[in-house]
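Enquirer: The structure is given below, and queries will be raised subsequently.
The values are calculated or read from the model by the stated rules, or taken from the named source; none is laboratory data. Everything numeric here is computed off the predicted structure, so don't read it as measured data. Don't worry about glycine lacking a Cβ; one is built from the backbone with ideal geometry, like all the others, and counts go over all protein chains shown. Just the protein is used for accessible areas: all its heavy atoms, side chains included, with ligands, DNA and RNA removed. Shrake-Rupley method; radii C 1.70, N 1.55, O 1.52, S 1.80 Å.
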Amino acid sequence: QNSFQDNVSVRFFPEGGQLVQNLKSRVAFQATGKDGKGIDISGYIRNEEGDTVSQFSTLKFGIGSFSFTPLPGVRYEAVVSYLGKHSRHPIPVVHANGYVLNVNALNNAKLHVVISRAGIEATDTMVLFIHTRNRIKLVQATTLKDGVGGFLIDRNKLDEGISHFTVFNGK
């Protein structure tokens, strides 16, 4: 978390918890002013050579998201614009090994959950566990093929509110 001189905070949250090299990730972000309320920003992600690899801007309430695929051995930073001022911000660490979780709405009735794995020697069996307000809503297993696997979820099996998606490997 870094701040502009006028107390603007920009934080980045990779979907699934971490960025993993060579795996496309969605990254949510939140920009707030010194009063803690969301503000409108725009910006881009650039590599150490100065090349832009992704762009972003807030949608509403100072939040938004973007996607990009971090490459091995490359450092990245976010360049953020707010009220004509520019500031550089680090993005979360890119890991050489790990899992990436991605949840996509196919339509109003279905969600597609994709799990990708890179650099990990592990069992290919993955279990998705979903709970809402401490009530188990779904437990489902899949097998990764070439490091990728997925789940198709009926939205009507989930309750209203925030549902937590957790993925476990065979260990």
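Enquirer: Where the convex hull is taken over the Cα atoms of region 80-129, what is its projected area averaged over directions, in nm²? Before the final figure, lay out the partial values.
Expert: Working: hull surface 26.8 nm².
The orientation-averaged projected area of the Cα hull of region 80-129 comes to 6.7 nm².
Enquirer: Let me ask you something else. Could you rank VAL27, VAL53 by how accessible they are, 1.4 Å probe, largest area first?
Expert: Largest accessible area first, the list is VAL53, VAL27.
Enquirer: Say we join alpha carbon atoms closer than 10 Å with springs in a Gaussian network model of the chain; which of ARG88, ARG46, ARG135 then has the biggest fluctuation?
Expert: Looking only at ARG88, ARG46, ARG135, the largest GNM fluctuation is found for ARG135.
Enquirer: Quick check for me: using +1 on Lys/Arg Cβ and -1 on Asp/Glu Cβ, what's the dipole size of the chain about its Cα centre, in debye to the nearest 20?
Expert: Roughly 440 debye, rounded to the nearest 20.
Enquirer: May I pose another question? Take the alpha carbon gyration tensor of region 85-171, find the square roots of its eigenvalues, order them as a ≥ b ≥ c, and report rounded if a/c is under 1.5; if not, report prolate when a/b exceeds b/c, else oblate.
Expert: Working: a/c = 1.95, a/b = 1.17, b/c = 1.66.
Here region 85-171 falls in the oblate category.
Enquirer: Counting heavy atoms of the protein chains only and a 1.4 Å probe, report the per residue accessible area for region 102-171 as a whole number of Å².
Expert: On the way: 4420 Å² over 70 residues.
It amounts to 63 Å² per residue over region 102-171.
Enquirer: Which GluC sites (Glu not before Pro) does region 77-171 hold that lie in a coil by DSSP with at most 16 other beta carbons within 10 Å?
Expert: Sites meeting the loop and neighbour criteria: GLU121, GLU160.
Enquirer: Still on this model: Give the accessible area for ILE41 in Å² (nearest 10); use a 1.4 Å probe, count only protein heavy atoms, and leave out ligands, DNA and RNA.
Expert: Roll a 1.4 Å probe over it and ILE41 shows about 10 Å².
Enquirer: Over 19 Å between C-alpha atoms is what I'm after, so list which of LYS145/LYS171; LYS110/LYS157; LYS137/LYS171; LYS34/LYS85 land there.
Expert: Those over the limit are LYS137/LYS171.
Enquirer: Find how many whole Å separate the alpha carbon centroid of region 32-87 from the alpha carbon centroid of region 131-171.
Expert: Between the Cα centres of region 131-171 and region 32-87 lies a distance of 29 Å.
Enquirer: Would you kindly compute the Cα radius of gyration of the chain and its largest Cα-Cα separation (Dmax), both in Å?
Expert: Rg and Dmax of the chain, Cα atoms, are 17.7, 50 Å.
Enquirer: Okay, next question. Would you mind telling me the share, in percent, of accessible area of region 1-156 contributed by carbon and sulfur at probe 1.4 angstrom?
Expert: Whole-percent figure for carbon plus sulfur exposure: 47.
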